[in-house]
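*Asks:* Below: one structure in structure tokens.
Where a number appears in this text, it was derived from the coordinates with a stated rule and is not lab data. As the structure is a prediction and not an experimental result, all values here were calculated from the model. Please note: Cβ atoms are built from the backbone with ideal geometry, for glycine as well, and neighbour counts cover all protein chains shown.
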């Protein structure tokens, strides 16, 4: 309810107008029971046609005004939610793009998808009709007073029915929120399984994973269906109670009212008018409780969104050096991940001079990719510092720093845009001459020319349908657009054919001649022989640093490792 108040009073003049419109919407509803009472009490009793015409015209005017005020109120209620809904969506998207990679990687993908769907849950709870139902609730007192003027006894009966509605609605709301939370968590697990099956379609087929999926899904679907059945039963029970209360209220009003009519304490017109007013009161309370339930779900969604938004983010500002030489200094760098028994590596101290070619070696899981991400700034060291020309990476503006690095990840991913959109992310304004040269150097020209739309061909599913070789070439072109002073290549020739490998070799030679600092993860002998130093992550916990010396007779590398 706090969110509703915040939205409503973000513009006080608009809030006043909405409240005034709500007042007239509810006041004008009184025209209906008044019309019935007057028709039955005056026209039928006296048969004067002028009375009938006057009452009918008045009722039509009241109906027209009621519709007009209702339409205006709906538009105003929609207007108060437009900006908050848009802002909430923007906040979630902004968080997705700014949350630190290390924090984001610890959250299941299905959970992130749930967070991204959260704004729609909030939006549905604060639709115009839901806001109107809350604003109508105070006016139910107006209808109770009107009933009281006709018959205090019928007013008490209506109050009991409304009170019962509120109590039942409150009980249902608490139970429904608990069930919905459990159901949502179960659906997150199920979607996670579905995502793994979609992304691992080849594994499912090649290794007969269908049986495993069936067993896993049977268990998950069974739990989901049980929870869904429980929720359906709760809703059915709540609906049945509401319908029963509505019918019971009618029976009680007409039974008691009929007795009062016979005793001369109430007219037939007043009885029907009281019935209309009591039904309206119950409808208002029922709509209010349903809206409160939806707003409760919205609060849960907001809580989930706030937890996501509260995750640590990359800095939005920082230092941007006028000139960066490409020099890096690792000072007592260590990193460990939550749940690990110890650090991945620690006490890494080494100076990478501009133009150096640094090789990172180690077995699977030794931390090669993690070290690359530390340099790129996607991860932060748990201890120590990484300095760029004597400035800590944590003090640099991330946007500026990323433009200083040509980053080729081991498993490239892309956004659902065109090839051009993805390649030019770091420099959308790059001229076509330079872009075409990069495409040629990355050995992408033949691939681009095979499509009728060339670089404007859309990428679907994040590029997962593309071969690893093509993804590597696209990622290479994307990296080169940045024109940074450091190149970080993680297994650059993995998955590439001979031509692709040749393109990588030529690019690295070109960068070396330009005095670009190269940090490379590779076991390709054609690349290894160019290393000037090696960081060996197989030695735990403190990596060994090897300085490579060339043998005069064959120029083969001879790594001399030293702690």
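*Asks:* Please give the peptides 235-247, 492-504 ranked by average Cβ packing (other Cβ atoms within 10 Å per residue), highest first, as a rough proxy for protection.
*Replies:* Numbers: 235-247: 14.5, 492-504: 18.3.
In descending order of packing, they fall as 492-504, 235-247.
*Asks:* Helix 498-513 against the longest principal axis of the chain: what's the angle in degrees, Cα atoms only, rounded to the nearest 10?
*Replies:* Between the helix axis and the principal axis of the chain, the angle is about 80 degrees.
*Asks:* Just to confirm my numbers, what's the Cα centroid distance between the range 102-181 and the range 213-287 in Å?
*Replies:* Their Cα centres are 15 Å away from one another.
*Asks:* Please state the relative contact order of the chain as a whole percent: Cα pairs under 8 Å, 6+ residues apart? Could you put the intermediate results ahead of the total?
*Replies:* On the way: 780 pairs, mean separation 81.8, N = 563.
Relative contact order comes out at 15 percent.
*Asks:* Using R₀ = 45 Å, calculate the FRET efficiency as 1/(1 + (r/R₀)^6) where r is the Cβ-Cβ separation of residue 232 and residue 315; round to 0.05. Display every interim value, and only then the final one.
*Replies:* On the way: r = 48 Å, r/R0 = 1.06.
Using R0 = 45 Å, I get an efficiency of 0.40.
*Asks:* For the chain, what is the calculated [θ] at 222 nm in deg cm²/dmol (nearest 500), taking -39500 (n - 2.57) for each run of four or more DSSP H residues and dividing by its residue count? Before the final figure, lay out the partial values.
*Replies:* Values: 20 runs with 342 residues, N = 563.
The helix-only estimate for the chain comes to -20500 deg cm²/dmol at 222 nm.
*Asks:* Using a basic spin-label model with each label point 7 Å from the Cα along Cα→Cβ, how many nm lie between residue 449 and residue 529?
*Replies:* 3.1
*Asks:* Run the numbers for residue 456 and residue 214: contour at 0.36 nm per residue of separation, minus the present Cα-Cα distance, in nm.
*Replies:* Numbers: separation 242, 0.36 × 242 = 87.12 nm, distance 4.00 nm.
Contour length minus Cα-Cα distance gives 83.1 nm.
*Asks:* How big is the antiparallel share of DSSP beta bridges in the chain, given as a percent to the nearest 5?
*Replies:* On the way: 24 of 42 bridges.
Approximately 55 percent, going by the DSSP bridge assignments.
*Asks:* How large is the convex hull of the Cα atoms of the range 2-309 per residue, expressed in Å³ as a whole number? Can you show the working numbers first?
*Replies:* Numbers: hull volume 48.9 nm³, N = 308.
Hull volume normalised by residue count: 159 Å³.
*Asks:* If each of residue 436 and residue 222 carries a label point 7 Å out from its Cα toward its Cβ, how far apart are those two points in nm?
*Replies:* If labels sit at residue 436 and residue 222, their model points lie 6.3 nm apart.
*Asks:* For helix 210-262, what angle does its Cα long axis make with the longest principal axis of the chain, in degrees from 0 to 90 and rounded to 10?
*Replies:* 20
*Asks:* Which FRET efficiency value, to the nearest 0.05, is calculated for residue 156 and residue 2 with the Förster distance at 35 angstrom and r the Cβ-Cβ distance? Write out the running numbers ahead of the final one.
*Replies:* Details: r = 33 Å, r/R0 = 0.94.
Once the sixth-power term is evaluated, E becomes 0.60.
*Asks:* How much of the DSSP beta bridge set in the range 328-562 is antiparallel, as a percent to the nearest 5? All intermediate terms of the calculation are to be shown ahead of the outcome.
*Replies:* Numbers: 23 of 40 bridges.
Just about 60 percent of them are antiparallel.
*Asks:* May I pose another question? Modelling each spin label as a point 7 Å along the Cα-to-Cβ direction, I'd like the residue 468/residue 120 distance in nm, to one decimal.
*Replies:* About 3.5 nm separates the two model spin labels.
*Asks:* Compute the FRET efficiency between residue 415 and residue 87 as 1/(1 + (r/R0)^6), taking r as their Cβ-Cβ distance and R0 = 22 Å, and round to the nearest 0.05.
*Replies:* Values: r = 23 Å, r/R0 = 1.05.
Rounded to the nearest 0.05, the efficiency is 0.45.
*Asks:* Here's a follow-up. Full-extension gain between residue 254 and residue 340, please, as 0.36 nm times their residue separation minus the C-alpha to C-alpha distance. Don't skip to the answer; put the middle values down first.
*Replies:* Values: separation 86, 0.36 × 86 = 30.96 nm, distance 7.20 nm.
Contour length minus Cα-Cα distance gives 23.8 nm.
*Asks:* Using alpha-carbon pairs under 8 Å, 6+ residues apart, how would you state the relative contact order of the range 328-562 in percent? Don't skip to the answer; put the middle values down first.
*Replies:* On the way: 442 pairs, mean separation 64.9, N = 235.
Value for the range 328-562: 28 percent.
*Asks:* Could you work out the relative contact order of the range 2-309, using alpha carbon pairs under 8 angstrom and six or more residues apart, expressed as a whole percent?
*Replies:* On the way: 271 pairs, mean separation 97.9, N = 308.
Over the range 2-309, the number comes to 32 percent.
*Asks:* Can you tell me which of 450-458, 419-427, 523-531 comes out highest on packing, and rank the rest after it, using the mean Cβ neighbours within 10 Å? Walk me through the intermediate numbers first.
*Replies:* Details: 450-458: 12.2, 419-427: 19.4, 523-531: 16.0.
By packing density, highest mean first, the sequence is 419-427, 523-531, 450-458.
*Asks:* I've got another one for you. Any chance you could give the angle, 0 to 90 degrees and rounded to 10, that helix 268-309 forms with the longest Cα principal axis of the chain?
*Replies:* Between the helix axis and the principal axis of the chain, the angle is about 10 degrees.
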